[in-house]
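FYI, it's all coordinate maths here, none of it is from the lab. Not measured: the values here are computed from a predicted model. Here Cβ is always computed from backbone atoms with ideal geometry, including for glycine, and neighbour counts include all displayed protein chains.
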């Protein structure tokens, strides 16, 4: 298991979002995967992306022990502190556009 992305600067998050807009054709579609710096938990230092896939599966099953929860159903690699350690994770939102 390794962290593929953690804290991001405003500038880096903005560049990721602009690339997503180019890829998906609109800001609305892009925000299903990449939020603006103002909305991103990565910019606030409250999110990590984990890899590889088998690690994601493990963390989805066991992350609540550490307070880490899968936040978006379409991003199995994205986790945030969303409960107290040992608590229960909330159900994942469909995608990042449902975050705010």
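Per-structure values
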item	result
Helix 10-24 vs. the chain, principal-axis angle (Cα, 0 to 90°, nearest 10)	70 degrees
Radius of gyration, Dmax [region 2-98; alpha carbons; angstrom]	13.2, 40
Residue 4 versus residue 38: modelled label distance in nm, points set 7 Å from Cα along the beta carbon direction	2.9 nm
Ratio of the Cα radius of gyration of region 53-93 to 2.2 N^0.38 Å, where N counts its residues	0.99
Distance (nanometres) between label positions extended 7 Å along Cα→Cβ at residue 26 and residue 12	3.0 nm
Relative contact order computed over the chain (Cα-Cα under 8 Å; 6+ residues apart), in percent	27 percent
Fluctuation leader among 18, 75, 38 - the chain, Gaussian network, Cα springs under 10 angstrom	38
For 40, 97, 9, order by how many other beta-carbon atoms lie within 10 Å, fewest first	9, 97, 40
Cα-based helix-to-principal-axis angle, 53-62 vs the chain, degrees rounded to 10	50 degrees
Exposure proxy order (Cβ contacts within 10 Å, fewest to most) of 21, 10, 43	10, 21, 43
